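Nothing in this text is a laboratory measurement; each read-out follows from the coordinates by a stated rule. Keep in mind that this is a model prediction, so the values were computed, not measured. Cβ sites come from the backbone with ideal geometry, for glycine too, and all protein chains shown count toward neighbours.
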Amino acid sequence: MEANALHDLTPAYALDALDPEDARAYEAHLARCERCRDELAALTEAAGALALATEAPPPPPDLRARILQEAQRERPNVVPMRPRRLVPLAAAAAVAACVAVALGIWAGSLSSKLDRRDAELARQQRVAAILATPGARTISFARGTLVVAKNGEAALVVHNLEAAPHGKTYEAWISAGGTPKAAGTFDGGGVVAVPLEGSVKPGASVLVTEERSGGVDTPTQKPFLSVRS
Amino acid sequence: MREYAAMARPFAHLSDEAVVALVARSDSEALAELYDRFGRVAYGLALRMLRDEKLAEDAVQEGFLTAWRNADRYMPERAKASTWLLTLVHRRAVDLVRREDRRRAEPLTERGEPAATESAEDDAWLRFERERVQAALRQLPDQQREALELAYYGGFTQSELAERLGQPVGTIKSRMFAGLARLRELLAEPNGETAWKPTHSTT
């Protein structure tokens, strides 16, 4: 198909009104044609508005749970806002808020900064951590941030950490002299925000080791991460 | 989900786009937030197209799972997050409506759809948007509106529309283009009531 004929497919593509063959040809063309990309973006906003014009009864209440369950099955949560073990809700909420605020700022300033997004994210996470827990101390280290609230509740934010290998997990520890105490496990991948179990007293260190899935009671590996509060 | 409830929707203050950024990082709570914002409108769209509750649920589920899988490809500079998500649901519904051959022959503009289900949960923002888009649609010339509705809600391809309406494909293309372009203008116009803003949207 000639380019001109392909340009003309933009409105139908925006409405999902092409047969599969034309849709494929158009998509191939789209990769090369900036004019069509711009026009498509504009027309898609208009087409998308048509979705809002419908009225219907609400979806069945269990649909939400089914979607979330299937999503979890396909790809387990790699940003555990809650650890598997019990943790004070306030700490979990504080960390969720840190990261949430950080990403909010981040997404707002995203355009054309994709390549710098991790640096940006790290900076804004620190800002966000301070915002989210007034009076909390934030200890930055090369790969993330440790946030310690006045009462010792703490959260560890690590970025660019690879997902733990199959059968393994990452485990955080609080070390205040003596045997480190287990402080929660996480699986890595992208940004990780873990509320730590236990209290981080001034001078204590937070360590992270790689352990077998499910975690262990005392570290068996050398920490690959160590942060002094 | 008890703990989740206790956290009182930690993402409530985020823009739609930021929620999608979290979904891209495999945060299932962000996916839940996205569903809480758009599940209802997605289902309304799918039900209107498919006229079958089970098929509509399938379309919504597949649309959200596609979002879950592909959120890292979402480009905020290209589309609003809501548009992106609803496009995914729409595409699934189009696939289903074609496969099940559920495309209907009767006109698609209906007045008799059940507004009786309106509840307190029906988000005021959605109601506002619905009325705004419906008003804009009413302002389109009949032929343009017909082309948009049959294509978008009916799932007809442009060639099927041409045949059905007894017009050359070129005419259908022009009507679609003119209809969408005009709709876009109409929706961009301030209408004196826009003081109302959703708390979670950046737009």
Original post:
What is the spin-label model distance, in nm, from A:ARG212 to A:ARG32 if the labels are put 7 Å beyond Cα along the C-beta direction?
Top reply: 5.7
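Using C-alpha positions alone, give me the convex hull volume of the range B:12-102 per residue in cubic angstrom. Provide the component values of the computation, followed by the final result.
Details: hull volume 7.5 nm³, N = 91.
In the range B:12-102, the Cα convex hull volume per residue is 82 Å³.
List, in the order given, every pair from A:LYS181/A:LYS222; A:LYS181/A:LYS201; B:LYS54/B:LYS173 whose Cα-Cα distance in the structure shown is over 23 Å.
Details: A:LYS181/A:LYS222 14 Å; A:LYS181/A:LYS201 13 Å; B:LYS54/B:LYS173 33 Å.
As for pairs spanning more than 23 Å Cα to Cα, those are B:LYS54/B:LYS173.
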Original post:
Which shape class, rounded, prolate or oblate, goes with the range A:3-53 when its Cα gyration tensor gives a ≥ b ≥ c as root eigenvalues, a/c under 1.5 marks rounded, and past that a/b bigger than b/c marks prolate?
Top reply: oblate
**OP:** With label points built 7 Å along Cα→Cβ from the Cα atoms of B:GLU189 and B:ARG127, find their separation and express it in nm.
**Re:** 2.5
**OP:** Answer with one residue from A:ALA12, A:HIS29, A:ALA47: the one whose Cα lies farthest towards the positive end of the charge dipole of the range A:3-53, charges on Cβ with Lys, Arg +1 and Asp, Glu -1.
**Re:** A:HIS29
Original post:
Ranked highest first by average number of other Cβ atoms within 10 Å, how do B:34-42, A:27-35 line up?
Top reply: B:34-42, A:27-35
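With Cβ to Cβ distances under 12 Å as the rule, what net charge do the other residues near B:LYS173 carry (K, R +1; D, E -1)?
Working: positive: B:ARG175; negative: A:ASP8, A:ASP22.
Overall, the nearby charge balance is -1.
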Original post:
Within 10 Å of each Cβ of B:15-24, how many other protein chain Cβ atoms are there on average?
Top reply: 5
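What average count of beta carbons from other chains do you get within 10 Å of the Cβ of residues in A:68-74?
On the way: counts 9, 1, 5, 12, 4, 0, 4.
What the average comes to for A:68-74 is 5.
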